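A.B. asks: Before I ask anything, here is the structure I am working with.
The values are calculated or read from the model by the stated rules, or taken from the named source; none is laboratory data. On a predicted model such as this, the values are computed, not experimentally measured, just so you know. Virtual Cβ from ideal backbone geometry, glycine too; neighbours counted across all protein chains shown. Accessible surface is based on the protein model in full, side chains and every heavy atom, while ligands, DNA and RNA are left aside. Shrake-Rupley method; radii C 1.70, N 1.55, O 1.52, S 1.80 Å.
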Amino acid sequence: MDTQLLLKTAMLAGEMMLRSGAETYRVEDTMHHILKTADHIEMAEVLVIMTGISATIKLENEKAVSVTKRVEERDTNLKLVVDVNEISRQYCGDDLTLEQAYEKLSTLKQFEFSRKTTNLAMMGVGVGFTIFFGGSIADTGAAIVVGLFLVAFVSAGQDLKFHPFIQDIFAGFGVAFACCLLKEGLGDQMNMDTVMIGSFMPLVPGMAITNAVRDTLRGDYLSGGARVMEAFLKALGIAIGIGIGLALCAKIF
Amino acid sequence: MNSTVLEMIIRVFGAFLSIYSFAVLLQVPRRFVLQAGIVGAIGGFVYLLAIHFGRGDVMASLYSAVAAAVVSHIFARVYKTPVTLFLIAGVLPTVPGNGMYQTVHYLIDGNEAMSEFYLIQTLEIAGVISLAIFVVDTFFQAFQKSEWKQNSMKYVRKIVPGAEEPQNTEKWEK
């Protein structure tokens, strides 16, 4: 068996999962299972933290081989987590050869939904939460408009390649400002708080919160702590953005 | 049908719509998006029910998060997929958006007492969400056979020349 290809496959699988928002233990688990399939293996060790991966493998009568990979960007893409999980299971269950597994991993379709669909979904989240928080029909209509603003601001932030923290501030600002404008137009018909809270929900760091808890539970304190930090920073960014938007509105109107 | 029930149904539908959309936003595979929406609707329903029966925001969040986590774990076992798929979107109706907003709102207004009140409430709700995920995770783990632990020395696969190919005997974790 080709040790280099085995390490490459395990690394690719691990990197894809870590980048897409899998829990730390799941990444370690998957990579370790892949590495263990090597013949004449003496030792296989994987260390995953939120920002990087390191794997070492030692075969009998050979020198140990070690690979480190830095993972900088993180996004939530649960499709990749499920697909990589499935491929690694098929490989470990001998349904795929190593070459096939690597081929499948590297040609995996990246996204389940197009950007158009996710933009529409972002509006759907805002509208849904506005209804959930007890908004009236006017509020729901306002939430659709604010959703359009949110999509525009988020897309602009992504296209301009802002730092993620600035992107959150920017998007939060967009929501707050759009709400204030609508409030001026619609007056008392619209409950601004409900619309605003509903509309910034798509920005809330759901993945970071959930994984922070689950990583900490498994004893991955480093990753858990890092994710708490990530969630906190994201929430802070949104809050600052909303604060700027509200303060600006108070000045203008 | 009285108006409270009707309002409840509309709001639960709102929770379903939002979590369904959020699942799309997280790129949950097509075949599981509907189930994620159902988890969200159940979480939202429990939250509204608890509020209706006079519980505070924090306790209602706890019940809601526990309900969402339990349903997520059941779905994960039924469909044999990672539980995060349902859990990330499912706990979202509980996330303290209101508290976050009011904290900032009152801070801008210069009302520090209210701002502090909402900040503490936000942290409390974040705490009970963690608690709910913790407890439910642990509960379901108790029923799992042979927990996998990484330990290179213990799980080494040795191949003795001439012996038959050993099989992977450990169970995969869901």
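A.B. asks: Can you spot a residue in the stretch B:23-41 that is in contact with a Lys or Arg (Cβ under 8 Å, 6 or more places away or on another chain), of a type in the set (Gly, Ala, Ser) and within 16 Å of B:Thr94 (Cβ to Cβ)?
C.D. replies: No, because not a single residue in the stretch B:23-41 is in contact with a Lys or Arg (Cβ under 8 Å, 6 or more places away or on another chain), of a type in the set (Gly, Ala, Ser) and within 16 Å of B:Thr94 (Cβ to Cβ).
A.B. asks: Looking only at the stretch B:107-133, how many residues end up being open to solvent by 70 Å² or more (accessible area, probe 1.4 Å) and either within 30 Å of A:Asp220 (Cβ to Cβ) or among the charged types (D, E, K, R) (or both)?
C.D. replies: Residues flagged as open to solvent by 70 Å² or more (accessible area, probe 1.4 Å) and either within 30 Å of A:Asp220 (Cβ to Cβ) or among the charged types (D, E, K, R) (or both) within the stretch B:107-133 amount to 8.
A.B. asks: Of the residues A:Ala239, A:Ala212, A:Ala235, A:Ala250, which is within 10 Å of another protein chain (Cβ to nearest Cβ) and either within 23 Å of B:Val83 (Cβ to Cβ) or β-branched (Val, Ile, Thr) (or both)?
C.D. replies: Answer to the selection: A:Ala212.
A.B. asks: Now for a different question. Take the conditions modelled with pLDDT of 90 or more and open to solvent by 90 Å² or more (accessible area, probe 1.4 Å) and apply them to A:Leu105. Does it pass?
C.D. replies: No; evaluated as a whole, the condition is false for this residue.
A.B. asks: OK, next. Of A:Ala178, A:Ala171, which residue is small (Gly, Ala, Ser) and under 30 Å from A:Thr51 (Cβ atoms)?
C.D. replies: Exactly one residue qualifies, and that residue is A:Ala171.
A.B. asks: So, one more: Given (1) more than 17 Å from the chain's Cα centre (by Cα); (2) closer than 29 Å to A:Arg115 by Cβ, where does B:Ile38 come up short, assuming only one miss?
C.D. replies: (1)
A.B. asks: Can you list residue pairs whose Cβ atoms sit under 9 Å apart, with the first residue in the stretch A:98-117 being closer than 14 Å to B:Val28 by Cβ and the second being open to solvent by 90 Å² or more (accessible area, probe 1.4 Å)? Count only pairs 6 or more apart in sequence or on different chains.
C.D. replies: Short answer, once both residue conditions are applied: A:Glu112/B:Arg30; A:Phe113/B:Arg30.
A.B. asks: Related question: Can you tell me which residues in the stretch A:127-139 are farther than 22 Å from B:Leu49 by Cα and not hydrophobic (A, V, I, L, M, F, W, C)?
C.D. replies: If the condition is that a residue be farther than 22 Å from B:Leu49 by Cα and not hydrophobic (A, V, I, L, M, F, W, C), then A:Asp139 is the only one that fits.
A.B. asks: Which one of these does A:His40 not meet: (1) farther than 19 Å from A:Tyr91 by Cβ; (2) open to solvent by 30 Å² or more (accessible area, probe 1.4 Å)?
C.D. replies: Failed condition: (1).
A.B. asks: Right, next: Within the stretch B:71-99, take every residue that is hydrophobic (A, V, I, L, M, F, W, C) and open to solvent by 50 Å² or more (accessible area, probe 1.4 Å) and give me the one that is nearest to A:Phe129 (Cα to Cα).
C.D. replies: Of everything passing the filter in the stretch B:71-99, B:Ile74 is nearest to A:Phe129 (Cα to Cα).
A.B. asks: Something else: Taking the stretch A:1-25, which residues are of a type in the set (D, E, K, R) and open to solvent by less than 10 Å² (accessible area, probe 1.4 Å)?
C.D. replies: The answer is A:Glu23, and nothing else.
A.B. asks: Does A:Lys63 count as in a helix (DSSP H, G or I) and open to solvent by 10 Å² or more (accessible area, probe 1.4 Å)?
C.D. replies: So A:Lys63 fails the test.
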